[in-house]
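Report on the structure given below.
No lab work stands behind these numbers, since they all come straight from the coordinates. Here the structure is a predicted model, which is why all the values come from computation and not from measurement. Glycine gets a Cβ as well: all are built from the backbone with ideal geometry, and neighbour counts include every protein chain shown.
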Ligand code: NAI
């Protein structure tokens, strides 16, 4: 199904943050646009604000003056719903309330052409439910933009039970023609991004609650080792804890209290206290004037190391070994089972067991476990954790080894899967389960997480890179350690493991 042609009138209802942004996107793509809001004057005011913002972009040389003038000429405020009757596509971005949205869609159905597509920008309501009771539910589709709509690439095109596949295909093509990165999703709670991203916040919140490390260190690890733009605490401070906590609660309830989505008590406490993040000056961090931003806790060492022994195949750690060799460490290879030896220490990538447990089970002395990095060649920080009986000198030798290659070290309290590894395993598990349930394709799941929340790599492609076997092993070990079904591996992961297959061929 082709995209709507650029002469098609687009109606946008709700001139708040999202509606105004969506109207701007459609007008910049060449469509005539009418913007309606039931607050008198709100639509005209939103167009004035768009005008001022585009004028600034012209002044800074980022936009041609003609593009600005053309866009504004195409944007018209509407003072009644009747003025939207000629639209080929209506996108509603009004208050997030099922009854109010249903009433609006029903009224629009009576006013608009029979082939008019009715799209909702809802981020949490079921498209199936919104369309139920309408005369033409096949014409209803989700068109979920991200905030700010003119800047964020992702659009989730969401089909309810009755949505005509041709309508979804037309909206997909239209979003693409508007310069967006659209993905197809089935209407399920959280769609793609708001579901698959939950573990990103949840695992850091757990690590903090369990005293594994402080906020600044965990944030730094997700950024500097994980390759994410922001850590979970700085990001939720930016989003607002009221908003982020409400999304978690809504997904948790919608999945009948599946423990995988269980909200965090420490985030609830921030909400209860009114510490909503940046907008209130206080969240996990203090944003008030004069406040000093805490720095990550770096492990320091005065130990001297010159040599690294690599026993057998070191798999994912090969790029790290190459980097250490390039920094002047002499690397000696000998037969073995994938362990590294530096000074008195035995070093291994975590498999999701506690360091103390693994040391005991495998009879390893002075065990120090390593966390995952998105790219061991580039990471400027790595997390380690030590078994209870690991000598301080052995740990210091490992710290010295990484410092030598310019890598800062965060020494975490012994905890299963450290920080990045457990977060990525849980993101992959959630994406795998969404795939299992037919929410979206593997390609679209990964695309959504890269375009919608800027992940350095789609979670499924990341699982392929780590190896499905290790992801399942980490999840199994997390589940055993916590005794919680929260960490149960998705059948999709077990199936791929049994088949010897991958998410992307
Ligand atoms: P907002 O509160 O900034 O704007 C909503 C606008 O809709 C207001 O101007 C209000 O006067 C108007 N409105 C309310 N009821 C109306 C009605 N019956 N008829 C006409 N206009 C009406 O809200 P925001 O943030 O723009 O969100 C709008 C929708 O977009 C919601 O469904 C929300 O869940 C969704 N969304 C919000 C995102 C965000 O980050 N803010 C991201 C993605 C989706």
**OP:** Would you calculate, for the chain, the mean residue ellipticity at 222 nm contributed by helices, counting each DSSP H stretch of 4 or more residues as -39,500 (n - 2.57) and dividing by all residues, to the nearest 500?
**Re:** -13000 deg cm²/dmol
Original post:
Semi-axes of segment 307-411's equivalent ellipsoid from the Cα gyration tensor, sqrt of 5 times each eigenvalue, largest first, rounded to whole Å?
Top reply: 19, 15, 13
Original post:
Restricting the count to DSSP beta bridges whose residues both fall in the chain, what percent are antiparallel, rounded to a multiple of 5?
Top reply: 25
Original post:
For the chain, what class follows from the C-alpha gyration tensor (a ≥ b ≥ c being the square roots of its eigenvalues): rounded when a/c is under 1.5, otherwise prolate if a/b is larger than b/c, else oblate?
Top reply: prolate
Original post:
Let a ≥ b ≥ c be the square roots of the eigenvalues of the Cα gyration tensor of segment 290-365; is it rounded (a/c under 1.5), or, if not, prolate (a/b larger than b/c) or oblate?
Top reply: oblate
Original post:
Quick one: helix 165-177 against the long Cα principal axis of the chain, what's the angle to the nearest 10°, folded into 0 to 90?
Top reply: 80
**OP:** Express in % the proportion of alpha carbon pairs of segment 1-68 at distances exceeding 13 Å.
**Re:** 65
**OP:** Give me the distance in nm between label points sitting 7 Å out from Cα along the Cα-to-Cβ direction at residue 64 and residue 79, one decimal.
**Re:** 3.5
Subject >> Full-extension gain in nm, residue 100 to residue 306, via 0.36 nm per residue minus C-alpha separation >> reply: 67.3 nm
**OP:** On a 0 to 90° scale, report how tilted helix 420-436 is relative to the longest principal axis of the chain, with both axes built from alpha carbons and the result rounded to the nearest 10.
**Re:** 50
Original post:
residue 501 versus residue 288, label points 7 Å from Cα toward the beta carbon: distance in nm?
Top reply: 5.7
Original post:
Ranking 340, 4, 282 by Cβ neighbours within 10 Å, fewest first, what do you get?
Top reply: 282, 4, 340
**OP:** Can you figure out the FRET efficiency of residue 6 with residue 49, using R₀ = 30 Å and their beta-carbon distance, to the nearest 0.05?
**Re:** 0.80
Original post:
Expressed as an acute angle from 0 to 90° and rounded to the nearest 10, what is the orientation of the C-alpha long axis of helix 215-224 relative to the principal long axis of the chain?
Top reply: 80
**OP:** For residue 334 paired with residue 258, estimate the spin-label separation in nm (one decimal), with each label point 7 Å from Cα along the Cα-to-Cβ line.
**Re:** 4.8
**OP:** State the antiparallel share, in %, of DSSP beta bridges confined to segment 307-411, rounding to the nearest 5.
**Re:** 40
Subject >> Whole-Å distance, taken between Cα centres, linking segment 180-237 and segment 89-128 >> reply: 30
Original post:
Cα gyration tensor of segment 143-238, axes a ≥ b ≥ c as square roots of the eigenvalues: rounded (a/c below 1.5), prolate (a/b > b/c) or oblate?
Top reply: prolate
